[in-house]
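Participant: Handing you a structure now.
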Amino acid sequence: MDINKSIKIKNYNEYVKQKMPKSKVFLDCIKAFFVGGAICTVGQGLRLLAQEVLLLDDKGTAAFVAMVLVFLGALFTGLGLYDVLGNFAGAGSIVPITGFANSIVSPAMEYKREGMVLGVGAKLFSIAGPVLVYGISASVLVGIVYFILHACGVATPL
Amino acid sequence: MDFMDFVNAFWVGGLICVVGQLLLSLTNMTSARILVAFVTAGVILTALGLYQPLVEFAGAGATVPLTGFGYSLATGVIEAIGEKGFLGVFTGGITAGAAGITAAIVFGYLAAVIFNPKIKK
């Protein structure tokens, strides 16, 4: 009986160890899903507004949505509300473009006392810089490959 | 069918964020690395022709996550090559992302100047 019991307890403890972090990951994913999904739904509302009310074309719509969401992301970061959301939603608040705005405002605000140039001006890009470097470099690489393939007459997906 | 557009934007956008959350929880990637990875992934997926169908299906669900920024960089470059030839390789990306990039810099700057960080308790 006692041996059985201790085995059971041991098994149970192992079981808990296995399950605990996973279920936290699962819960974090659920939160990220709902918050990220909600931000994208707001974006979809802005798209509808741009297309149906402001009568913008595709490019204008994309620009409008990006600008409004970046503005909201910057504003809510400044008000200290985006960090509250971030603590709850994790990647749900990082991955949307509002999170990109957050990553610009947060360090710039934090380093303000180091001055307007090397504080705010430089720290604006502490995360946005790498994003632009790798994003733009990747797009140039894609462009070069596309250009060569087209020059050779190879069909490409786009 | 506007309602379905909202539903699709919600669940596709949500799922893209879940991918980010899995990277965050399971690999200890920092948020900066995740943003870089998502933009780069967006550029590559677009170049392979895989992201365009997602944008058509999910709208903002595909364009609002940072992969969508990569999408606009890549489509911008490819479009510009069609118009300007090789010069487009260098002008297309930033031109397509101009509104978002400029908004991020200007609104980001203003917010950082106007507001002060909250004192952490």
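The values are calculated or read from the model by the stated rules, or taken from the named source; none is laboratory data. Computed from a predicted structure; not experimentally measured. No Cβ is skipped: glycine too gets one built from the backbone with ideal geometry, and neighbour counts run over all protein chains shown. For accessibility, only protein heavy atoms count, side chains too; no ligands or nucleic acids. Shrake-Rupley method; radii C 1.70, N 1.55, O 1.52, S 1.80 Å.
Participant: Counting just the residues of the stretch A:48-64 that are in a loop (DSSP other than H, G, I, E, B) and out of contact with any Phe, Trp or Tyr (no Cβ under 8 Å at 6 or more places or on another chain), which one comes out farthest from B:G93 (Cα to Cα)?
Facilitator: To start, the set of residues in the stretch A:48-64 that are in a loop (DSSP other than H, G, I, E, B) comprises A:54-57.
Checking the rest, the ones that are also out of contact with any Phe, Trp or Tyr (no Cβ under 8 Å at 6 or more places or on another chain) come to A:55, A:57.
Details: A:L55: 24, A:D57: 19 Å.
Step by step, filter the stretch A:48-64, then rank; the result is A:L55.
Participant: Do the conditions hold for A:I7, that is, is it under 28 Å from B:A58 (Cβ atoms), in a helix (DSSP H, G or I) and open to solvent by 50 Å² or more (accessible area, probe 1.4 Å)?
Facilitator: Details: under 28 Å from B:A58 (Cβ atoms): no; in a helix (DSSP H, G or I): yes; open to solvent by 50 Å² or more (accessible area, probe 1.4 Å): yes.
The answer is no for A:I7.
Participant: Any idea which of A:M109, A:M67 is assigned to a helix (DSSP H, G or I), free of Cβ contacts under 8 Å to residues at least 12 places away in the same chain and buried (at least 17 other Cβ atoms within 10 Å of the Cβ)?
Facilitator: On the way: A:M109 fails: free of Cβ contacts under 8 Å to residues at least 12 places away in the same chain.
The match here is A:M67.
Participant: Within the stretch B:75-83, can one find any residue that is at the interface with chain A (Cβ under 7 Å from one of its Cβ atoms), free of Cβ contacts under 8 Å to residues at least 24 places away in the same chain, under 15 Å from the mean Cα position of the chain (by Cα) and surrounded by fewer than 23 Cβ atoms within 10 Å (Cβ to Cβ)?
Facilitator: no
Participant: Another question, then. Collect the residues in the stretch B:42-51 that are in a helix (DSSP H, G or I) and either at the interface with another protein chain (Cβ under 7 Å from one of its Cβ atoms) or buried (at least 21 other Cβ atoms within 10 Å of the Cβ) (or both), keeping them in residue-number order. Steps first, answer last, please.
Facilitator: Going residue by residue through the stretch B:42-51, those that are in a helix (DSSP H, G or I) are B:42-47, B:51.
Correct list: B:G42, B:V43, B:I44, B:T46, B:A47, B:Y51.
Participant: Does B:T102 count as open to solvent by 10 Å² or more (accessible area, probe 1.4 Å), more than 7 Å from chain A (Cβ to nearest Cβ) and under 18 Å from A:A108 (Cα atoms)?
Facilitator: Working: open to solvent by 10 Å² or more (accessible area, probe 1.4 Å): yes; more than 7 Å from chain A (Cβ to nearest Cβ): yes; under 18 Å from A:A108 (Cα atoms): yes.
So B:T102 passes the test.
Participant: Here are some residues: A:F88, A:F33. Which one is part of a helix (DSSP H, G or I), open to solvent by 70 Å² or more (accessible area, probe 1.4 Å) and in contact (Cβ under 8 Å) with a residue 40 or more places away in the chain?
Facilitator: On the way: A:F33 fails: open to solvent by 70 Å² or more (accessible area, probe 1.4 Å).
After ruling out the rest, the residue left standing is A:F88.
Participant: Under 8 Å by Cβ, and 6 or more places apart or on different chains, what pairs join a residue from the stretch A:128-151 that is assigned to a helix (DSSP H, G or I) with one that is open to solvent by 20 Å² or more (accessible area, probe 1.4 Å) and of a type in the set (K, R)?
Facilitator: none
Participant: Quick check on A:Y134: is it open to solvent by 30 Å² or more (accessible area, probe 1.4 Å) and in contact with a Gly (Cβ under 6 Å, 6 or more places away or on another chain)? Explain how you work it out, then say what you get.
Facilitator: Numbers: open to solvent by 30 Å² or more (accessible area, probe 1.4 Å): yes; in contact with a Gly (Cβ under 6 Å, 6 or more places away or on another chain): no.
Considered against the rule, which asks whether it is open to solvent by 30 Å² or more (accessible area, probe 1.4 Å) and in contact with a Gly (Cβ under 6 Å, 6 or more places away or on another chain), A:Y134 comes out as no.
Participant: Looking at B:A37, B:A62, B:A58, B:A96 in this structure, which one is open to solvent by 10 Å² or more (accessible area, probe 1.4 Å), under 21 Å from A:L46 (Cα atoms) and more than 7 Å from chain A (Cβ to nearest Cβ)?
Facilitator: Details: B:A37 fails: under 21 Å from A:L46 (Cα atoms); B:A62 fails: open to solvent by 10 Å² or more (accessible area, probe 1.4 Å); B:A58 fails: open to solvent by 10 Å² or more (accessible area, probe 1.4 Å).
Going through B:A37, B:A62, B:A58, B:A96 in turn, just one is open to solvent by 10 Å² or more (accessible area, probe 1.4 Å), under 21 Å from A:L46 (Cα atoms) and more than 7 Å from chain A (Cβ to nearest Cβ): B:A96.
Participant: So which residues in the stretch B:1-34 are open to solvent by 70 Å² or more (accessible area, probe 1.4 Å) and closer than 18 Å to A:T98 by Cα, if there are any at all?
Facilitator: Across the stretch B:1-34, the qualifying residues are B:W11, B:L15, B:V19, B:T30, B:R33.
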